[in-house]
Amino acid sequence: MNNKIWIFDTTLRDGEQALKASLNEDNKLQLAHAISRLNVDVMEVGFPVSSPADFRAVERIAQEVKGPIICGLARAVEKDIEACGLALKPAQQRRIHTFIATSPVHLQHKLRMSLDDATAMAVRSVQQALKYTDDVEFSCEDAGRTPHDDLCRIVETVINAGASTINLPDTVGYVTPDEYAAMISYLMNHVPNIDKARLSVHCHNDLGLAVANSIAAVQAGARQIECTVNGIGERAGNCSLEEVAMILKMRQDHLNVYSDICTKEIYRTSRQVSQICNMPVQPNKAIVGENAFAHSSGIHQDGMLKAQNTYEIMSPETVGVPGNQLNMTSRSGRHVIQHRLTELGYHAEDYDMDTLYQNFLALADQKGVVYDYDLEAMIYFDNQTNNDDHYQLNFVHAMSNSQTTASSTVGISIGGVAHSEAATGNGPVDASCKAIKRMTGMDVEILEYSLDATAKGEKSLGKVNIVARYDGRNYHDSGLATDIVEASVQAFIRIHNLIHRTQLISDLKQQRKTG
Ligand code: KIV
Ligand code: ZN
(Lines give C-alpha, C1' and ligand atoms only; values in the text may rest on other atoms or scores of the structure.)
(Ligands and ions follow the chains in the order given, each with its own letter.)
Protein backbone atom coordinates (compact mmCIF):
# COMPACT_ATOMS: atom_id res chain seq x y z
CA MET A 1 0.00 0.00 0.00
CA ASN A 2 1.19 3.53 -0.83
CA ASN A 3 2.61 5.22 2.27
CA LYS A 4 1.94 8.82 1.32
CA ILE A 5 -0.84 10.58 3.25
CA TRP A 6 -2.60 13.25 1.25
CA ILE A 7 -3.24 16.41 3.19
CA PHE A 8 -6.52 18.07 2.24
CA ASP A 9 -6.76 21.49 3.81
CA THR A 10 -10.26 22.86 4.37
CA THR A 11 -9.37 25.99 6.37
CA LEU A 12 -11.02 28.21 3.79
CA ARG A 13 -14.20 26.12 3.62
CA ASP A 14 -15.02 24.20 6.82
CA GLY A 15 -12.79 26.53 8.88
CA GLU A 16 -14.10 29.72 7.38
CA GLN A 17 -17.72 28.70 7.70
CA ALA A 18 -17.35 28.77 11.50
CA LEU A 19 -16.04 32.33 11.73
CA LYS A 20 -18.18 35.10 13.18
CA ALA A 21 -17.59 37.20 10.07
CA SER A 22 -16.84 35.74 6.63
CA LEU A 23 -13.47 36.52 5.11
CA ASN A 24 -13.37 38.87 2.15
CA GLU A 25 -11.92 37.85 -1.20
CA ASP A 26 -8.49 39.44 -0.57
CA ASN A 27 -8.16 37.78 2.83
CA LYS A 28 -9.07 34.41 1.36
CA LEU A 29 -6.55 34.83 -1.42
CA GLN A 30 -3.82 35.82 1.02
CA LEU A 31 -4.50 32.75 3.15
CA ALA A 32 -4.73 30.50 0.10
CA HIS A 33 -1.20 31.58 -0.89
CA ALA A 34 0.05 30.91 2.65
CA ILE A 35 -1.61 27.49 2.81
CA SER A 36 -0.23 26.52 -0.59
CA ARG A 37 3.28 27.23 0.77
CA LEU A 38 2.63 24.47 3.31
CA ASN A 39 2.61 22.20 0.27
CA VAL A 40 -0.80 20.71 0.98
CA ASP A 41 -2.02 18.30 -1.70
CA VAL A 42 -5.57 19.62 -1.95
CA MET A 43 -6.99 22.91 -0.77
CA GLU A 44 -10.78 23.22 -0.37
CA VAL A 45 -11.39 26.93 -0.70
CA GLY A 46 -15.13 27.48 -0.56
CA PHE A 47 -18.68 26.53 -1.32
CA PRO A 48 -19.31 28.45 -4.57
CA VAL A 49 -23.10 28.17 -4.66
CA SER A 50 -23.42 29.62 -1.14
CA SER A 51 -22.95 33.27 -2.20
CA PRO A 52 -21.68 35.34 -5.13
CA ALA A 53 -18.79 36.47 -2.91
CA ASP A 54 -17.75 32.89 -2.20
CA PHE A 55 -18.04 32.04 -5.89
CA ARG A 56 -15.72 34.95 -6.78
CA ALA A 57 -13.22 34.02 -4.06
CA VAL A 58 -13.03 30.40 -5.28
CA GLU A 59 -12.68 31.58 -8.88
CA ARG A 60 -9.89 34.03 -7.99
CA ILE A 61 -7.97 31.43 -5.98
CA ALA A 62 -8.40 28.99 -8.87
CA GLN A 63 -6.89 31.61 -11.19
CA GLU A 64 -4.02 32.74 -8.98
CA VAL A 65 -2.88 29.96 -6.66
CA LYS A 66 -0.65 27.33 -8.24
CA GLY A 67 0.54 24.10 -6.68
CA PRO A 68 -2.19 22.25 -4.80
CA ILE A 69 -5.35 20.86 -6.35
CA ILE A 70 -8.02 23.53 -5.83
CA CYS A 71 -11.29 22.09 -4.58
CA GLY A 72 -14.81 23.43 -4.08
CA LEU A 73 -17.70 21.97 -2.12
CA ALA A 74 -21.12 21.16 -3.60
CA ARG A 75 -24.20 19.45 -2.19
CA ALA A 76 -25.42 16.59 -4.34
CA VAL A 77 -27.64 18.92 -6.35
CA GLU A 78 -27.34 20.21 -9.88
CA LYS A 79 -26.98 23.94 -9.20
CA ASP A 80 -24.22 23.36 -6.63
CA ILE A 81 -22.17 21.18 -8.96
CA GLU A 82 -22.60 23.64 -11.79
CA ALA A 83 -21.48 26.61 -9.64
CA CYS A 84 -18.53 24.62 -8.36
CA GLY A 85 -17.48 23.49 -11.83
CA LEU A 86 -17.64 27.06 -13.17
CA ALA A 87 -15.80 28.66 -10.24
CA LEU A 88 -13.00 26.09 -10.46
CA LYS A 89 -12.60 26.34 -14.25
CA PRO A 90 -9.42 28.51 -14.21
CA ALA A 91 -7.55 26.10 -11.89
CA GLN A 92 -4.63 24.10 -13.28
CA GLN A 93 -5.80 21.14 -11.21
CA ARG A 94 -9.34 21.08 -9.81
CA ARG A 95 -11.50 18.82 -7.69
CA ILE A 96 -15.24 18.86 -7.05
CA HIS A 97 -16.21 17.61 -3.61
CA THR A 98 -19.85 16.60 -3.41
CA PHE A 99 -21.65 15.14 -0.43
CA ILE A 100 -24.92 13.84 0.94
CA ALA A 101 -25.81 12.64 4.42
CA THR A 102 -26.05 8.89 4.95
CA SER A 103 -26.82 8.38 8.65
CA PRO A 104 -30.35 7.36 9.67
CA VAL A 105 -30.76 10.49 11.79
CA HIS A 106 -29.85 12.82 8.92
CA LEU A 107 -31.78 10.86 6.30
CA GLN A 108 -34.92 10.75 8.41
CA HIS A 109 -34.98 14.23 9.95
CA LYS A 110 -32.95 16.47 7.68
CA LEU A 111 -33.29 15.05 4.18
CA ARG A 112 -36.51 13.04 4.70
CA MET A 113 -35.45 10.46 2.15
CA SER A 114 -34.28 6.86 1.99
CA LEU A 115 -30.67 5.73 1.59
CA ASP A 116 -31.56 4.53 -1.94
CA ASP A 117 -32.79 8.02 -2.88
CA ALA A 118 -29.65 9.59 -1.41
CA THR A 119 -27.51 7.10 -3.34
CA ALA A 120 -29.29 7.97 -6.58
CA MET A 121 -28.65 11.69 -5.98
CA ALA A 122 -25.01 10.97 -5.18
CA VAL A 123 -24.55 9.04 -8.42
CA ARG A 124 -26.16 11.80 -10.51
CA SER A 125 -23.93 14.40 -8.85
CA VAL A 126 -20.74 12.44 -9.35
CA GLN A 127 -21.64 11.95 -13.01
CA GLN A 128 -22.41 15.67 -13.42
CA ALA A 129 -19.17 16.67 -11.66
CA LEU A 130 -17.16 14.43 -14.02
CA LYS A 131 -18.17 16.77 -16.86
CA TYR A 132 -16.02 19.49 -15.22
CA THR A 133 -13.10 17.41 -13.92
CA ASP A 134 -12.02 13.81 -13.62
CA ASP A 135 -11.11 14.42 -9.95
CA VAL A 136 -14.33 13.95 -7.97
CA GLU A 137 -14.56 13.38 -4.23
CA PHE A 138 -17.69 12.07 -2.58
CA SER A 139 -18.46 12.39 1.15
CA CYS A 140 -20.96 10.40 3.18
CA GLU A 141 -21.90 13.13 5.63
CA ASP A 142 -22.21 11.77 9.19
CA ALA A 143 -20.51 8.52 8.16
CA GLY A 144 -19.48 8.09 11.80
CA ARG A 145 -23.12 7.39 12.71
CA THR A 146 -24.00 5.41 9.57
CA PRO A 147 -24.30 1.60 9.72
CA HIS A 148 -21.27 0.05 8.03
CA ASP A 149 -23.27 -1.95 5.51
CA ASP A 150 -25.14 1.20 4.40
CA LEU A 151 -21.80 2.91 3.89
CA CYS A 152 -20.53 -0.04 1.86
CA ARG A 153 -23.56 0.12 -0.45
CA ILE A 154 -23.34 3.80 -1.25
CA VAL A 155 -19.54 3.84 -1.46
CA GLU A 156 -19.44 0.95 -3.94
CA THR A 157 -22.06 2.67 -6.09
CA VAL A 158 -20.36 6.10 -6.20
CA ILE A 159 -16.98 4.52 -6.99
CA ASN A 160 -18.65 2.78 -9.92
CA ALA A 161 -20.03 6.17 -10.95
CA GLY A 162 -16.48 7.58 -11.06
CA ALA A 163 -15.64 9.10 -7.64
CA SER A 164 -11.92 8.67 -7.02
CA THR A 165 -11.81 9.88 -3.41
CA ILE A 166 -14.25 8.65 -0.78
CA ASN A 167 -14.47 10.71 2.36
CA LEU A 168 -16.00 9.32 5.56
CA PRO A 169 -16.57 12.24 7.91
CA ASP A 170 -17.19 12.02 11.60
CA THR A 171 -19.34 15.11 11.14
CA VAL A 172 -20.40 15.42 14.76
CA GLY A 173 -17.14 14.33 16.43
CA TYR A 174 -18.79 11.32 18.07
CA VAL A 175 -16.73 8.23 17.37
CA THR A 176 -13.68 6.92 19.24
CA PRO A 177 -10.40 6.02 17.51
CA ASP A 178 -10.99 2.26 17.63
CA GLU A 179 -14.50 2.63 16.20
CA TYR A 180 -13.31 4.89 13.42
CA ALA A 181 -10.44 2.54 12.54
CA ALA A 182 -12.90 -0.37 12.54
CA MET A 183 -15.15 1.51 10.11
CA ILE A 184 -12.26 2.10 7.69
CA SER A 185 -11.17 -1.55 7.92
CA TYR A 186 -14.73 -2.71 7.33
CA LEU A 187 -14.97 -0.68 4.13
CA MET A 188 -11.54 -1.83 2.96
CA ASN A 189 -12.63 -5.45 3.43
CA HIS A 190 -16.22 -5.29 2.19
CA VAL A 191 -16.35 -2.84 -0.74
CA PRO A 192 -15.25 -4.86 -3.80
CA ASN A 193 -14.03 -1.84 -5.85
CA ILE A 194 -12.39 0.01 -2.92
CA ASP A 195 -8.96 -0.18 -4.63
CA LYS A 196 -10.28 2.27 -7.27
CA ALA A 197 -10.52 5.09 -4.74
CA ARG A 198 -8.49 6.80 -2.03
CA LEU A 199 -10.14 6.70 1.39
CA SER A 200 -10.27 10.01 3.18
CA VAL A 201 -11.15 11.05 6.73
CA HIS A 202 -12.65 14.26 8.02
CA CYS A 203 -13.02 14.56 11.79
CA HIS A 204 -14.62 17.14 14.02
CA ASN A 205 -13.35 17.75 17.49
CA ASP A 206 -16.46 17.74 19.69
CA LEU A 207 -14.92 15.19 22.07
CA GLY A 208 -11.36 16.36 21.44
CA LEU A 209 -10.65 13.24 19.34
CA ALA A 210 -10.33 14.68 15.83
CA VAL A 211 -6.58 14.21 15.52
CA ALA A 212 -6.52 10.83 17.29
CA ASN A 213 -9.36 9.58 15.08
CA SER A 214 -7.61 10.73 11.91
CA ILE A 215 -4.41 8.94 12.88
CA ALA A 216 -6.31 5.77 13.82
CA ALA A 217 -7.99 5.86 10.41
CA VAL A 218 -4.62 6.18 8.69
CA GLN A 219 -3.38 3.15 10.60
CA ALA A 220 -6.41 1.29 9.28
CA GLY A 221 -5.69 2.29 5.67
CA ALA A 222 -7.09 5.79 5.02
CA ARG A 223 -4.75 7.80 2.79
CA GLN A 224 -6.15 11.35 2.93
CA ILE A 225 -6.70 13.50 6.01
CA GLU A 226 -8.95 16.55 5.88
CA CYS A 227 -7.90 19.21 8.32
CA THR A 228 -7.62 22.94 9.03
CA VAL A 229 -4.85 25.23 10.21
CA ASN A 230 -5.14 25.76 13.99
CA GLY A 231 -8.00 23.24 13.92
CA ILE A 232 -10.55 25.98 13.23
CA GLY A 233 -14.00 24.82 12.15
CA GLU A 234 -17.59 24.14 13.13
CA ARG A 235 -18.22 24.04 16.91
CA ALA A 236 -15.09 22.59 18.57
CA GLY A 237 -13.31 22.68 15.22
CA ASN A 238 -11.77 20.24 12.77
CA CYS A 239 -8.72 18.03 12.89
CA SER A 240 -5.71 20.31 13.21
CA LEU A 241 -3.34 20.31 10.23
CA GLU A 242 -0.22 21.17 12.21
CA GLU A 243 -0.81 18.40 14.75
CA VAL A 244 -1.41 15.76 12.12
CA ALA A 245 1.58 16.91 10.04
CA MET A 246 3.91 16.76 13.03
CA ILE A 247 2.58 13.38 14.21
CA LEU A 248 3.28 11.98 10.75
CA LYS A 249 6.76 13.49 10.79
CA MET A 250 7.77 12.74 14.35
CA ARG A 251 6.29 9.23 14.49
CA GLN A 252 7.10 8.01 11.00
CA ASP A 253 9.12 5.29 12.72
CA HIS A 254 5.90 3.92 14.22
CA LEU A 255 3.27 4.82 11.63
CA ASN A 256 5.36 4.10 8.53
CA VAL A 257 3.60 6.79 6.47
CA TYR A 258 4.53 10.35 5.53
CA SER A 259 3.07 13.60 4.21
CA ASP A 260 4.66 16.22 1.96
CA ILE A 261 3.88 19.13 4.30
CA CYS A 262 6.63 21.72 4.53
CA THR A 263 6.61 21.87 8.30
CA LYS A 264 8.82 24.99 8.50
CA GLU A 265 5.86 26.99 7.14
CA ILE A 266 3.55 25.85 9.96
CA TYR A 267 4.11 28.59 12.52
CA ARG A 268 3.93 31.47 10.05
CA THR A 269 0.73 30.10 8.49
CA SER A 270 -0.80 29.55 11.90
CA ARG A 271 -0.17 33.20 12.86
CA GLN A 272 -1.62 34.42 9.60
CA VAL A 273 -4.76 32.30 9.96
CA SER A 274 -5.18 33.43 13.55
CA GLN A 275 -4.81 37.11 12.69
CA ILE A 276 -6.88 37.20 9.53
CA CYS A 277 -9.63 35.00 10.98
CA ASN A 278 -9.53 36.87 14.28
CA MET A 279 -9.28 33.55 16.12
CA PRO A 280 -6.64 33.52 18.86
CA VAL A 281 -4.64 30.34 19.35
CA GLN A 282 -4.84 28.96 22.89
CA PRO A 283 -1.40 29.32 24.56
CA ASN A 284 -1.07 25.62 25.30
CA LYS A 285 -2.15 24.49 21.82
CA ALA A 286 0.16 21.72 20.56
CA ILE A 287 2.76 22.80 17.96
CA VAL A 288 1.65 26.42 17.49
CA GLY A 289 0.58 27.69 20.93
CA GLU A 290 2.65 30.40 22.57
CA ASN A 291 3.78 27.88 25.23
CA ALA A 292 4.39 24.95 22.89
CA PHE A 293 8.16 25.42 23.18
CA ALA A 294 8.33 27.36 26.45
CA HIS A 295 9.76 25.71 29.56
CA SER A 296 8.80 27.09 32.94
CA SER A 297 9.62 24.61 35.68
CA GLY A 298 13.10 24.85 37.18
CA ILE A 299 13.71 21.11 36.78
CA HIS A 300 12.74 21.20 33.11
CA GLN A 301 14.85 24.30 32.43
CA ASP A 302 17.85 22.67 34.06
CA GLY A 303 17.32 19.52 31.97
CA MET A 304 16.96 21.56 28.76
CA LEU A 305 20.26 23.31 29.41
CA LYS A 306 21.95 19.94 29.80
CA ALA A 307 20.33 18.28 26.75
CA GLN A 308 17.47 19.60 24.64
CA ASN A 309 15.89 16.18 24.17
CA THR A 310 15.28 15.81 27.92
CA TYR A 311 12.06 17.81 27.60
CA GLU A 312 11.62 18.51 23.88
CA ILE A 313 10.61 15.87 21.33
CA MET A 314 10.97 18.18 18.33
CA SER A 315 12.93 21.32 17.77
CA PRO A 316 10.94 24.54 17.42
CA GLU A 317 12.79 25.31 14.17
CA THR A 318 11.11 22.26 12.54
CA VAL A 319 7.81 24.13 12.58
CA GLY A 320 9.29 27.55 11.91
CA VAL A 321 9.39 28.79 15.50
CA PRO A 322 12.66 30.72 15.94
CA GLY A 323 13.73 28.99 19.17
CA ASN A 324 12.61 27.55 22.45
CA GLN A 325 12.05 29.75 25.41
CA LEU A 326 13.04 29.31 29.01
CA ASN A 327 10.55 31.49 30.85
CA MET A 328 12.24 33.18 33.79
CA THR A 329 9.70 32.79 36.57
CA SER A 330 9.85 32.20 40.32
CA ARG A 331 10.27 28.50 39.49
CA SER A 332 13.51 29.11 37.59
CA GLY A 333 16.72 28.07 39.32
CA ARG A 334 20.02 29.95 39.52
CA HIS A 335 21.46 27.82 36.73
CA VAL A 336 18.96 29.24 34.22
CA ILE A 337 19.49 32.83 35.36
CA GLN A 338 23.23 32.43 35.07
CA HIS A 339 22.88 30.84 31.63
CA ARG A 340 20.70 33.71 30.39
CA LEU A 341 23.10 36.34 31.75
CA THR A 342 25.98 34.58 30.03
CA GLU A 343 24.00 34.66 26.78
CA LEU A 344 23.49 38.38 27.33
CA GLY A 345 27.27 38.80 27.62
CA TYR A 346 27.78 39.02 31.43
CA HIS A 347 30.46 37.20 33.41
CA ALA A 348 30.15 35.71 36.90
CA GLU A 349 32.27 38.56 38.35
CA ASP A 350 29.77 41.17 37.02
CA TYR A 351 27.20 40.36 39.71
CA ASP A 352 26.70 38.75 43.08
CA MET A 353 24.49 35.73 42.38
CA ASP A 354 23.04 35.53 45.90
CA THR A 355 21.78 39.12 45.87
CA LEU A 356 20.71 39.00 42.27
CA TYR A 357 18.75 35.78 42.79
CA GLN A 358 16.91 37.22 45.82
CA ASN A 359 15.97 40.30 43.78
CA PHE A 360 15.00 38.07 40.89
CA LEU A 361 12.62 36.01 43.05
CA ALA A 362 11.02 39.14 44.50
CA LEU A 363 10.41 40.57 41.03
CA ALA A 364 9.21 37.23 39.63
CA ASP A 365 6.64 36.98 42.44
CA GLN A 366 5.37 40.43 41.61
CA LYS A 367 5.56 40.35 37.82
CA GLY A 368 5.14 36.66 36.90
CA VAL A 369 7.70 36.54 34.11
CA VAL A 370 11.03 38.35 34.33
CA TYR A 371 12.50 39.64 31.06
CA ASP A 372 16.07 40.27 29.92
CA TYR A 373 15.87 44.00 30.58
CA ASP A 374 14.70 43.28 34.16
CA LEU A 375 17.71 40.99 34.71
CA GLU A 376 20.10 43.58 33.35
CA ALA A 377 18.56 46.26 35.55
CA MET A 378 19.30 44.04 38.57
CA ILE A 379 22.96 44.02 37.68
CA TYR A 380 23.25 47.75 37.24
CA PHE A 381 20.72 49.03 39.76
CA ASP A 382 21.05 46.81 42.79
CA ASN A 383 18.14 47.22 45.27
CA GLN A 384 16.29 49.62 43.03
CA THR A 385 13.02 50.82 44.66
CA ASN A 386 10.06 52.61 43.11
CA ASN A 387 11.28 55.84 44.74
CA ASP A 388 14.28 55.76 42.43
CA ASP A 389 12.11 55.63 39.32
CA HIS A 390 12.79 58.33 36.77
CA TYR A 391 9.09 58.65 35.90
CA GLN A 392 6.59 58.78 38.77
CA LEU A 393 2.84 59.17 38.74
CA ASN A 394 1.48 62.06 40.82
CA PHE A 395 -2.17 62.01 39.81
CA VAL A 396 -4.56 61.09 37.04
CA HIS A 397 -7.91 62.78 36.54
CA ALA A 398 -9.82 61.19 33.67
CA MET A 399 -13.36 61.90 32.47
CA SER A 400 -15.50 59.94 30.07
CA ASN A 401 -19.16 59.52 29.27
CA SER A 402 -21.10 58.08 26.38
CA GLN A 403 -21.82 61.49 24.81
CA THR A 404 -18.51 63.34 24.66
CA THR A 405 -14.87 62.64 23.86
CA ALA A 406 -12.90 61.29 26.81
CA SER A 407 -10.30 63.56 28.36
CA SER A 408 -7.61 63.19 30.98
CA THR A 409 -5.17 65.34 32.92
CA VAL A 410 -2.13 63.49 34.22
CA GLY A 411 0.58 64.70 36.59
CA ILE A 412 3.97 62.99 36.61
CA SER A 413 7.48 63.73 37.85
CA ILE A 414 10.31 63.27 35.42
CA GLY A 415 13.64 63.05 37.19
CA GLY A 416 12.10 64.79 40.22
CA VAL A 417 10.51 67.67 38.25
CA ALA A 418 6.70 67.86 38.29
CA HIS A 419 4.79 68.13 34.99
CA SER A 420 1.13 67.96 34.06
CA GLU A 421 -0.64 67.71 30.74
CA ALA A 422 -4.16 67.18 29.41
CA ALA A 423 -5.29 65.26 26.32
CA THR A 424 -8.40 63.82 24.72
CA GLY A 425 -8.74 60.34 23.27
CA ASN A 426 -11.10 57.58 22.21
CA GLY A 427 -11.39 56.53 25.87
CA PRO A 428 -9.95 57.60 29.24
CA VAL A 429 -6.97 55.23 28.96
CA ASP A 430 -6.11 56.47 25.49
CA ALA A 431 -6.43 60.12 26.63
CA SER A 432 -4.18 59.47 29.67
CA CYS A 433 -1.52 57.70 27.60
CA LYS A 434 -1.52 60.56 25.10
CA ALA A 435 -0.99 63.06 27.93
CA ILE A 436 1.95 60.98 29.24
CA LYS A 437 3.53 60.70 25.81
CA ARG A 438 3.37 64.49 25.43
CA MET A 439 5.26 64.95 28.69
CA THR A 440 7.91 62.29 28.06
CA GLY A 441 8.26 63.04 24.36
CA MET A 442 8.49 59.30 23.73
CA ASP A 443 6.31 57.62 21.14
CA VAL A 444 5.69 54.37 23.02
CA GLU A 445 3.32 52.16 21.03
CA ILE A 446 0.96 49.88 22.97
CA LEU A 447 0.92 46.49 21.23
CA GLU A 448 -1.16 44.47 23.70
CA TYR A 449 -3.42 45.56 26.51
CA SER A 450 -5.26 43.20 28.81
CA LEU A 451 -7.27 43.68 31.97
CA ASP A 452 -7.92 41.13 34.73
CA ALA A 453 -9.90 41.50 37.92
CA THR A 454 -7.97 40.03 40.84
CA ALA A 455 -10.85 39.68 43.33
CA LYS A 456 -14.64 39.77 43.33
CA GLY A 457 -17.00 42.59 44.32
CA GLU A 458 -16.10 45.96 45.81
CA LYS A 459 -12.61 44.87 46.80
CA SER A 460 -11.78 43.89 43.26
CA LEU A 461 -8.51 45.23 41.88
CA GLY A 462 -7.94 45.77 38.18
CA LYS A 463 -4.65 44.39 36.89
CA VAL A 464 -3.61 45.87 33.58
CA ASN A 465 -0.89 44.18 31.53
CA ILE A 466 0.71 46.11 28.74
CA VAL A 467 3.15 45.04 26.04
CA ALA A 468 4.58 48.12 24.35
CA ARG A 469 7.19 48.80 21.69
CA TYR A 470 9.82 51.48 21.66
CA ASP A 471 12.88 51.82 19.48
CA GLY A 472 12.50 48.32 18.03
CA ARG A 473 12.19 46.52 21.38
CA ASN A 474 9.18 45.17 23.28
CA TYR A 475 8.60 45.91 26.96
CA HIS A 476 6.08 44.28 29.32
CA ASP A 477 4.75 45.51 32.64
CA SER A 478 1.58 45.78 34.69
CA GLY A 479 -0.30 48.13 37.00
CA LEU A 480 -2.64 47.28 39.85
CA ALA A 481 -5.34 49.59 41.26
CA THR A 482 -9.03 49.64 42.10
CA ASP A 483 -9.46 52.16 39.28
CA ILE A 484 -8.66 50.62 35.90
CA VAL A 485 -7.55 53.94 34.37
CA GLU A 486 -5.08 54.37 37.19
CA ALA A 487 -3.87 50.76 36.77
CA SER A 488 -3.38 51.42 33.05
CA VAL A 489 -1.45 54.64 33.68
CA GLN A 490 0.74 52.88 36.27
CA ALA A 491 1.58 50.13 33.78
CA PHE A 492 2.34 52.69 31.08
CA ILE A 493 4.62 54.69 33.40
CA ARG A 494 6.41 51.51 34.49
CA ILE A 495 7.09 50.75 30.85
CA HIS A 496 8.63 54.22 30.53
CA ASN A 497 10.87 53.41 33.48
CA LEU A 498 11.95 50.13 31.88
CA ILE A 499 12.84 52.00 28.71
CA HIS A 500 14.72 54.62 30.70
CA ARG A 501 16.73 51.97 32.55
CA THR A 502 17.47 50.12 29.32
CA GLN A 503 18.84 53.35 27.86
CA LEU A 504 20.99 53.93 30.94
CA ILE A 505 22.30 50.38 30.76
CA SER A 506 23.24 50.77 27.14
CA ASP A 507 25.12 54.03 28.01
CA LEU A 508 26.91 52.27 30.85
CA LYS A 509 27.87 49.37 28.58
CA GLN A 510 29.21 51.85 26.06
CA GLN A 511 31.26 53.60 28.76
CA ARG A 512 32.68 50.26 29.89
CA LYS A 513 33.77 49.47 26.35
CA THR A 514 35.42 52.84 25.74
CA GLY A 515 36.73 53.38 29.27
O1 KIV B 1 -18.25 17.59 8.50
C2 KIV B 1 -18.68 17.21 7.39
O3 KIV B 1 -19.34 16.19 7.25
C4 KIV B 1 -18.38 18.04 6.24
C5 KIV B 1 -18.72 17.49 4.90
C6 KIV B 1 -19.35 18.50 4.03
C7 KIV B 1 -17.50 16.91 4.28
O8 KIV B 1 -17.78 19.10 6.38
ZN1 ZN C 1 -16.80 19.19 8.37
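Surface listing: Tyr258, Tyr351, Tyr475 arranged by accessible area from highest to lowest gives Tyr258, Tyr351, Tyr475, probe 1.4 Å. Annotation for region 328-347 versus region 250-272: alpha-carbon center distance of 33 Å. Net charge in the neighbourhood of Tyr373 (other residues with Cβ under 11 Å of its Cβ; Lys, Arg +1, Asp, Glu -1) is -2. Simple spin-label estimate for Asn2 and Ser506 gives 5.6 nm between the two label positions (7 Å along the Cα-to-Cβ direction from each Cα).
If a/c stays under 1.5 just call it rounded; otherwise compare a/b with b/c (prolate if a/b is bigger, oblate if not). Do that for region 202-323, with a ≥ b ≥ c from the square roots of the Cα gyration tensor eigenvalues. Note, shape of region 202-323 comes out oblate.
When the trypsin sites (Lys or Arg not before Pro) in region 1-64 are filtered for DSSP coil states and for at most 14 other beta-carbon atoms within 10 Å of their beta-carbon, the remaining sites are Lys20. Is the shape of region 130-200 rounded, prolate or oblate, going by the alpha carbon gyration tensor and its root eigenvalues a ≥ b ≥ c, with a/c under 1.5 for rounded and a/b larger than b/c for prolate? Prolate. In region 425-485, Cα pairs under 8 Å separated by at least six residues give a relative contact order of 26 percent.
With contacts taken as Cα pairs under 8 Å and at least 6 residues apart, region 367-515 reaches a relative contact order of 17 percent. For the chain, the solvent-accessible area with a 1.4 angstrom probe is 46 square angstrom per residue. With a 1.4 Å probe rolled over the protein heavy atoms of all chains, the accessible area of Asp80, Asp443, Asp354 falls in the order Asp443, Asp354, Asp80, largest first. The alpha carbon centroids of region 210-240 and region 24-65 are separated by 20 Å. Using only alpha carbon pairs under 8 Å that are at least six residues apart, calculate the relative contact order of the chain and give it in whole percent. It comes to 9 percent, rounded to a whole number. Sorting Thr482, Thr146 by solvent-accessible area of protein heavy atoms yields Thr482, Thr146, largest first, with a 1.4 Å probe.
Full extension of the chain segment joining Asp483 with Leu255 gains 76.5 nm, where the gain is 0.36 nm per residue of separation less the Cα-Cα distance. For region 459-515, the Cβ-based charge dipole about the Cα centre amounts to some 320 debye (Lys, Arg positive; Asp, Glu negative; other atoms uncharged). Among the protein heavy atoms, those of His397 account for about 110 Å² of accessible surface (1.4 Å probe, every chain in place). Subtracting the Cα-Cα distance of Ser450 and Lys89 from 0.36 nm times their residue separation leaves 125.3 nm of extension gain. Helical runs assigned H by DSSP (4 residues or longer) give the chain a calculated mean residue ellipticity at 222 nm of -12500 deg cm²/dmol, each run adding -39500 (n - 2.57) before division by the residue total.
If R0 is taken as 45 Å, the Cβ-Cβ distance between Arg56 and Ala120 corresponds to a FRET efficiency of 0.90.
Gain on full extension, evaluated as 0.36 nm per residue between Met442 and Thr424 minus their Cα-Cα distance, stands at 4.7 nm. Antiparallel as a % of all DSSP beta bridges within the chain, to the nearest 5? Just about 50 percent of them are antiparallel. Each Lys and Arg Cβ is given +1 and each Asp and Glu Cβ -1; about its Cα centre, region 361-515 then shows a dipole of about 160 debye. Which residues among region 222-257 fall inside the zone where the amide N is under 13 Å from a point 7 Å beyond the Cα of Ala286, along Cα→Cβ? Answer for this model: 230-231, 239-252. Among rounded, prolate and oblate, which fits region 259-316 when a ≥ b ≥ c are the square roots of the eigenvalues of its C-alpha gyration tensor, a/c under 1.5 means rounded, and a/b larger than b/c means prolate? Because a/c hits 1.5 or more and a/b fails to exceed b/c, region 259-316 counts as oblate. As a fraction of the 1.4 Å probe accessible area of the chain, surface on carbon and sulfur atoms comes out at 47 percent.
Just how many % of Cα pairs in the chain lie over 37 Å apart, if you round to the nearest whole percent? Everything past 37 Å amounts to 46 percent. Treating r as the C-beta distance of Leu361 and Arg271 and R0 as 30 Å, the FRET efficiency rounds to 0.35.
The values are calculated or read from the model by the stated rules, or taken from the named source; none is laboratory data. The structure presented is a predicted model; accordingly, all values stated were derived computationally and were not measured. Every residue, glycine as well, gets a Cβ built from its backbone with ideal geometry; the counts of neighbours run over all protein chains shown. Note: accessible area is taken over every heavy atom of the protein model, side chains too, but ligands, DNA and RNA are not part of it. Shrake-Rupley method; radii C 1.70, N 1.55, O 1.52, S 1.80 Å.
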